[in-house]
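Beneath this line is the structure, given in structure tokens, with notes to follow.
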Amino acid sequence: MSEAVTPPGAGSGAGTQPESGSSGFPPGFDPTGEASEKTLCFHGFWAWLVLLILVVLCTAVIMWLLRKCIQGPMYRKANRIDGKVVIVTGCNTGIGKETVLELAKRGARIYMACRDPSRCEAARLEIMDRSHNQQLFNRTLDLGSLQSVRNFVERFKAEETKLDLLVNNAGVMACPRTLTADGYEQQLGVNHLGHFLLTNLLLDRLKQSAPSRIVVVSSAAHLFGRINREDLMSEKNYGKFFGAYSQSKLANILFTRKLSTILKDTGVTVNCCHPGVVRTELNRHFAGPAWMKSVLQTGSLYFFKSPRAGAQTSLKLALDPSLEKSTGGYYSDSMRWPLVPWATNNDTADWLWRESERLVGLPPLEAPRNGSANGNGTSTNGANGASGASGARDMQSVETVVVSRS
Ligand SMILES: NC(=O)c1ccc[n+]([C@@H]2O[C@H](COP(=O)([O-])OP(=O)(O)OC[C@H]3O[C@@H](n4cnc5c(N)ncnc54)[C@H](OP(=O)(O)O)[C@@H]3O)[C@@H](O)[C@H]2O)c1
């Protein structure tokens, strides 16, 4: 008598015995395991589809994270500045416009200082609409004309007795070599000298309003810059970006640091920043081929900061209550960064300050070292020398300063 072989799991009771197929295994049972593999894993089309979905999802997450990193931190404190008087230069577009929008949302009374009144008006109307703040004023300021700077200040001082925040934002980058109305190289003239005069002429209002702040929008391009004492106006050698633009942005930093020492204990702070690489009109002078322009433009949609993100470091410096006493710093992505030696050179900063005073026609704030020497062999008057014989010399040789700084 031979015993019948029962496949494993087939049960033993006669009543529960499943029907066997021709192979002797119950239906659905696959002794090789192939079928169960087919159910657990994906094969063919479905496997590729799942793989594709996973790859797309992972790429999207990585790109989203990278984009977040590129955009940098946002200023999220909710503090308001209702009624604070603010001037922002170059704010009809780009970083300046976003800065004004956020300050307007927080209740500031803002003087929009732009060179093109019609572009300024368009931005003003849009910002008023979006912020529901009517306290925005369109004022003409061409930083490439010292007379325009003086006119702006004169009008502002007639209108306001205080100034809580000055944002020196306007800038021009890598333009062909042109001159300002006063005959200075355009990038140094607009980015540094125009703001130098503007700030100095407004110091009295800022001091009266202390605690008050100055924010200077510089650039990481300062890393390539050197202050060329022999050829400050790039007459002998003009490099659009690595030369003149980088020099002007280095000048912004040296100016900030020097001014912070001058303003010590006045309650007025001054800090500068690099906004990041931002998708704005700053590259309007880019002269490359059309295909490169469109590649740059397309790439910038992802790889550059949005103007709103680009405004965040300026906004932190302008608004953050925790920075009320911080001064003389360089910030990027809302963090304070150490500076390279050529951006902290006090000798260069002193020289640049004296030279800038001479070029814009301001009397020297400090007594010159070694009796004379403002770096150009011209004599200067004493400390705070708005008066005195040599002070009169300065006032005559360069157009008279109509508004005194004190
Ligand atoms: N975008 C970046 O990646 C980047 C990076 C580092 C630093 N920055 C700095 O950020 C600041 C803002 O630049 P942005 O990127 O916002 O560039 P933007 O979109 O070109 O804006 C520059 C602003 O400055 C104004 N401006 C130019 N020349 C002027 C003059 N002579 N007088 C008065 N205003 C003048 C422009 O007015 P018009 O429209 O009338 O010309 C415009 O409103 C600049 O100081 C720039 O150097 C930008």
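With respect to residue 244, is the statement that it is over 30 Å from residue 322 (Cβ atoms) and either aromatic (Phe, Trp, Tyr) or not in a helix (DSSP H, G or I) (or both) true? Against the criterion (over 30 Å from residue 322 (Cβ atoms) and either aromatic (Phe, Trp, Tyr) or not in a helix (DSSP H, G or I) (or both)), residue 244 does not qualify. Across the stretch 102-114, the qualifying residues are those that are assigned to a helix (DSSP H, G or I) and open to solvent by 10 Å² or more (accessible area, probe 1.4 Å), and the one among them that is nearest to the ligand (Cβ to nearest atom) is 102. Scanning the stretch 302-327 for residues that are in a loop (DSSP other than H, G, I, E, B) and either basic (Lys, Arg) or open to solvent by 10 Å² or more (accessible area, probe 1.4 Å) (or both) yields a total of 6.
Close contacts from the stretch 154-173, counting a first residue that is basic (Lys, Arg) and a second that is open to solvent by less than 40 Å² (accessible area, probe 1.4 Å), with Cβ to Cβ under 7 Å and a gap of 6+ residues or different chains, come to 155/139; 157/205; 157/403; 162/85; 162/205; 162/209. Residues that are under 14 Å from residue 348 (Cβ atoms) and touching a residue at least 40 places away in the same chain (Cβ under 8 Å): does the stretch 205-224 have at least one? Yes, that holds for at least one residue.
Filtered by the rule that a residue be open to solvent by 80 Å² or more (accessible area, probe 1.4 Å) and part of a helix (DSSP H, G or I), the stretch 249-289 gives 261, 284. Hey, any hits in the stretch 162-180 for a residue that's open to solvent by less than 40 Å² (accessible area, probe 1.4 Å), β-branched (Val, Ile, Thr), within 12 Å of the ligand (Cβ to nearest atom) and closer than 25 Å to residue 207 by Cα? Within the stretch 162-180, one or more residues are open to solvent by less than 40 Å² (accessible area, probe 1.4 Å), β-branched (Val, Ile, Thr), within 12 Å of the ligand (Cβ to nearest atom) and closer than 25 Å to residue 207 by Cα. Cβ separations smaller than 9 Å between residues 6+ apart or across chains give no pair from the stretch 273-299 residues that are more than 25 Å from residue 250 (Cβ to Cβ) to residues that are assigned to a helix (DSSP H, G or I) and aromatic (Phe, Trp, Tyr). The set of residues in the stretch 181-200 being under 15 Å from residue 255 (Cβ atoms) and either touching a Gly at 6+ places or on another chain (Cβ under 7 Å) or away from the ligand (no atom under 15 Å from the Cβ) (or both) consists of 189, 190, 191, 194, 200.
The values are calculated or read from the model by the stated rules, or taken from the named source; none is laboratory data. Model, not experiment: these values are computed from the prediction. Glycine also receives a Cβ, built like all others from the backbone with ideal geometry; neighbour counts cover every protein chain displayed. Ligands, DNA and RNA are excluded from the accessible area calculation, which covers all protein heavy atoms including side chains. Shrake-Rupley method; radii C 1.70, N 1.55, O 1.52, S 1.80 Å.
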